[in-house]
Amino acid sequence: EWGFDLPKEITPNAATVKYTDFLLATASGKVEGVKAPGKLATPFEKTKLAAYTIGAMTPCMRLYAFLGKELQALVGPNEGIHPYQKWIDSYASHAFQTAALQTEDLLDKLSVSLTGEELDIIEKLYLQAMKLETEFFLAQPLVQKTVVPLSKEHNPAELRLMLFSDFDLTCTVVDSSAILAEIAIITAPKPDQNQSGNQLARMSSVDLRSTWGELSKQYTEEYEQCIENILLSDKEAKLNYEGLRSALERLSDFEKKANLRVIDSGVLKGLNVDDIKRAGERLILQDGCANFFLNAVRNENLNKNINILSYCWCGDLIRSAFSSGGLEAVNIHANEFIYESSSSTGEIVKKVESPIDKVQAFTNILKNCSEDKKILTVYIGDSVGDLLCLLEADVGIVIGSSSSLRRVGSHFGVSFVPLFPALVEKQKQVKEERTSGWKGLSGVLYTVSSWAEIHAFILGL
């Protein structure tokens, strides 16, 4: 149908050979801890080898079933007959979707009697198979300009990639304010414990926990009320950036008053800088977050500048979290504790307290860049406080599922689009216009559920 005759001799692509060799090796028992087929003495050993083999095949079934459904949904009704329509229809079909589920069900049944160590082997085989399948698709040569990953078309001599990210709940699993409060409570003197004369006077752990609980409750209630007040204005049909900025100025006033309450309460007084740094080193980051920044820093083909913009009260906590992972090159923009003899005084050097402070810091960083290169800005955030920066950036990426961010954004005409289908549309645009057209203040923000999506979009797999 395509007017193409297969040559008599075909040399398989190296990526294809790697995957087929992997499957043959697995089925032949050439995996660590697996006996070769000729030496399988018991039914259990046969079941185990079958489980390993199906474990290596299941990713292929799941990936093709996924791609079939995704591509079928993305092929527009007005695009005519897609050249790969039969391929898409085949893998999107009910029969293939059912076959993929049956394969996964078979793997579950074969795995019931296996030990933890044997299940670990299956997990490694599954991951290796998915990696090889991904390499198989990436081996397909593309003659046209592509929008994914951003790094592929990046020319370091002409373009600088400016990466910005929020910290709390964008990078972290737990908000930093809760971590700092917990350090204060744990290290606080007990009610019956005398404090030495050279120490800053501190509340007892009982009083600290009670005070922090009251501050947290008050913050949450007033924040929610502030959001509701913002939404009392008329809903916008398209982006009203100035209206949004004006509304977030009110939120900024609230954030600054809330910080003053915390400072005046004394809950941040007497924290030892070493305790803060140790907490930063142990801080749990979102899956894939550290790996993304590490690979971005190590990518020598990228002309990049990486910045963290955060409301965090203590920049030392963030610096410790990143430097412990070898990420000293990341620039941290946050508030700072004031110390006396390595103990916090309870006062804060206020640098980034609000949405307005954040976007001002964002703007100042860009102003201080040399003008000898074009700049592409990417901002990653998760909350209402990130909205202005997300919109100002050429590419604004929303991670997580904050309802307040989406409510406020939508109220002022912001559109939220899942990143994957948005990139498909961008690719069509590139094909027609030869340009991806990334531009700030478009009113469109891209949503993702994980750092893996961000990694694939910016750096590739």
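The values are calculated or read from the model by the stated rules, or taken from the named source; none is laboratory data. Please read all numbers here as calculations on a predicted model, not as lab measurements. A quick note on method: Cβ atoms are made from the backbone with ideal geometry, for glycine too, and the neighbour counts reach across all protein chains shown. The protein model used for the area step is the full one, side chains on, heavy atoms only, and it has no ligands, DNA or RNA in it. Shrake-Rupley method; radii C 1.70, N 1.55, O 1.52, S 1.80 Å.
Quick notes on this one:
- When peptides 380-389, 49-58 are sorted by average Cβ neighbour count within 10 Å, with the highest value leading, the order is 380-389, 49-58.
- Computed over protein heavy atoms with a 1.4 Å probe, the carbon and sulfur contribution to the accessible area of segment 1-121 reaches 61%.
- Surface composition of segment 287-349: carbon plus sulfur atoms hold 42% of the accessible area, using a 1.4 angstrom probe and ignoring ligands, DNA and RNA.
- Remark on Gly270: its backbone amide H falls under 5 Å from those of Ser344, Thr345, Gly346, a criterion applied only to residues 5 or more positions apart or on other chains, H modelled at 1.01 Å from N.
- Trypsin sites (Lys or Arg not before Pro) restricted to segment 377-450 and DSSP loop, no more than 16 other C-beta within 10 Å: Arg434, Lys439
- Averaged over its residues, the chain has an accessible area of 53 Å² per residue, based on protein heavy atoms and a 1.4 Å probe.
- Calculated FRET efficiency, Lys131 to Ala157, Cβ-Cβ distance, R0 = 35 Å: about 0.65 to the nearest 0.05.
- The longest part of the chain holding none of the exposed loop GluC sites (Glu not before Pro), meaning those outside H, G, I, E and B in DSSP with at most 13 other Cβ atoms within 10 Å, is 159-299.
- Only protein atoms count toward the accessible area here, which uses a 1.4 Å probe; on segment 400-461, the carbon and sulfur part of that area reaches 54 percent.
- Reduced Cα scattering model of segment 74-144, Debye log10 I(q)/I(0), q = 0.13, 0.16, 0.19, 0.21 Å⁻¹: -0.64, -0.85, -1.01, -1.09
- Placing +1 on each Lys and Arg Cβ and -1 on each Asp and Glu Cβ, with no other charges, gives the chain a dipole about its Cα centre of roughly 720 debye.
- Ellipsoid equivalent to segment 264-338 - semi-axes via the Cα gyration tensor, in Å: 26, 13, 10
- Considering segment 154-285, its Cα convex hull presents a mean projected area of 13.0 nm².
- Counted charge near Leu405, where neighbours are those whose Cβ lies closer than 14 Å (Asp, Glu -1; Lys, Arg +1): -2
- Tail weight of P(r) past 37 Å, computed on alpha-carbon pairs of the chain, percent: 43 percent
- The trypsin sites (Lys or Arg not before Pro) of segment 358-405 meeting both criteria, a DSSP state outside H, G, I, E and B (loop) and at most 15 other C-beta atoms within 10 angstrom of the site's C-beta, are Lys373.
- In nm, spacing of pseudo-spin labels at Lys69 and Lys18 (7 Å Cα→C-beta vector): 2.8 nm
- Accessible-area ranking of Ile338, Ile183, Ile284, largest first, probe 1.4 Å: Ile284, Ile338, Ile183
- Compared with the alpha-carbon gap, the fully stretched path from Cys369 to Thr146 is longer by 77.6 nm at 0.36 nm per residue.
- Across the chain, the mean sequence separation of Cα contacts (distance under 8 Å, 6 or more residues apart), normalised by length, yields a relative contact order of 18 percent.
- Estimated inter-spin distance, Ser410 and Lys217, nm [label 7 Å along Cα→Cβ]: 3.1 nm
- In the chain, the longest principal axis of the Cα atoms and the axis of helix 355-367 are about 70 degrees apart.
- Val206 paired with Asp120, simple spin-label distance in nm, labels 7 Å along Cα-to-beta-carbon: 4.7 nm
- Nearby lysines by direct alpha-carbon distance to Lys46 (threshold 21 angstrom, same-chain neighbours under 8 apart not counted): Lys30, Lys35, Lys109, Lys124
- Listed by chain and number, the lysines placed with their C-alpha closer than 18 angstrom to that of Lys428 are Lys145, Lys152, Lys439; residues fewer than eight positions away on the same chain are left out.
- Positive dipole terminus of the chain, leading residue within Val273, Val206, Leu101 (C-beta point charges): Leu101
- Diffusion of segment 347-424 by Stokes-Einstein, at 10 °C in a medium of 1.306 mPa s and with Rh set to the Kirkwood radius over alpha-carbon pairs, works out to 114 µm²/s.
- Rg and Dmax over the alpha-carbon atoms of segment 327-461 stand at 17.5, 63 Å.
- Candidate lysines - alpha carbon under 17 Å from Lys358, same-chain residues fewer than 8 apart omitted: Lys256, Lys257, Lys350, Lys367
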